[in-house]
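The values are calculated or read from the model by the stated rules, or taken from the named source; none is laboratory data. Predicted model only: the values in this text are computed from it and were never measured. Virtual Cβ from ideal backbone geometry, glycine too; neighbours counted across all protein chains shown. Calculation scope for accessible area: heavy atoms of the full protein, side chains included, ligands and nucleic acids excluded. Shrake-Rupley method; radii C 1.70, N 1.55, O 1.52, S 1.80 Å.
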Amino acid sequence: MNRRIVWIGVASIVAVVAAGTVSMNAEGSSPTPPDRPAWSHQDGSVDPNATTEVLGQDGQPLKGPDGKPIKVKIADLMAPPPGPGGHAAPQAPLWPGQQPSHVISRKVTKNPDGSSSEVVQLGP
Amino acid sequence: MGEDMKRLRRLWLYLAIIGVFFTLGTPDALAHYVYQSGWTYRTSFDCEWTYSEISHGVYHGGYSKVEGFSAQVNQVPPFWTNNYCGGGFNRPAGYLIDRAVLYRWNGSAWAVCRDTGWVYNSSNVAGFTIWDEWSVGDWGDPSPCGAGSYQTHGASFEYNGGWHGGWLWSGSHWLPAY
């Protein structure tokens, strides 16, 4: 009797773990994401040349006037403003010669019918 | 026989608990909120502590919270060498900044979904908190860039001759979450 209980238990655990694994894989369309992007290192430093896409409300990358996905330089995104102040000032280059990438301004507003609309403005 | 039945019932109880754990989904979806915190800047004079969180929020589509705290280093007698980050280091308005950038896993990379931009303190304080409900409520999916794994990249800095602080990843959370 005891041996039977043990076998039932082992078989059940295997079945449950297998079902759970299938469930986890089915929930996302991709493998489990890493803890951080490849450009973000454990010591807090980042790859200065790395870029990232910007997603729209549908989860698809936003595209610029040329039809290509907009890429934002990570270094621009993360750099603090030049100095203290009460407003977000233009960001300083992190190294000599660095050119700023797109400046993206976006605003989501709720419509009376309950839907929302998003305005995205691209600057130099 | 009665003892065997008790064991069997106990076994099935354990299995039920394990089953609930696995079948509810990915581990990051199980947590109501996911966060990391720690000192992102330390010197012999000042320190900055940063907190970065992602959770499902009131509307289930996502919520980010970022907190910064500026501290001065205290030195401990008798040798005044055991430095530790201690009391709050109050900074004037505009000398503290926080920011939350929301990323979504697109299947091959983490991509920017939302961004609060830099937010400044408005009074003389040692720290402050920003938070944002990202829910949009369209198409029955309140997550701002579609269902998926999200995380907050949170930053806090204090200005003291330069910006002192850093960024922290919150850890990932599946959205929307109910």
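Look at the stretch B:86-97: the mean tally of other chain Cβ atoms within 10 Å of its residues' Cβ atoms is 2. Applying the Kirkwood pairwise sum to the alpha-carbon positions of the stretch B:81-178 produces a hydrodynamic radius of 15.4 angstrom. Partner shielding of B:111-119 amounts to 6, given as the average count of beta-carbon atoms from other chains within 10 Å of each residue beta-carbon. Say R0 is 35 Å: what FRET efficiency, to the nearest 0.05, do B:Asn124 and B:Gln36 get from their beta-carbon distance? E between B:Asn124 and B:Gln36, to the nearest 0.05, is 0.80. For the set A:Asp58, A:Asp35, the ranking by accessible area, highest first and with no ligand, DNA or RNA atoms included, is A:Asp35, A:Asp58 under a 1.4 Å probe. How many partner chain Cβ atoms sit within 10 Å of a residue's Cβ in peptide A:53-63, on average, as a whole number? Shielding by partners across A:53-63 averages 6. The amide H of B:Trp134, built 1.01 Å from its N in the peptide plane, has B:Gly62, B:Tyr63, B:Ser64 as neighbours under 5 Å, considering only residues 5 or more places off or on other chains.
Put simply, the C-alpha atoms of the stretch A:32-78 give a gyration tensor, and the ellipsoid matching it has half-axes of 23, 14, 7 Å, longest first.
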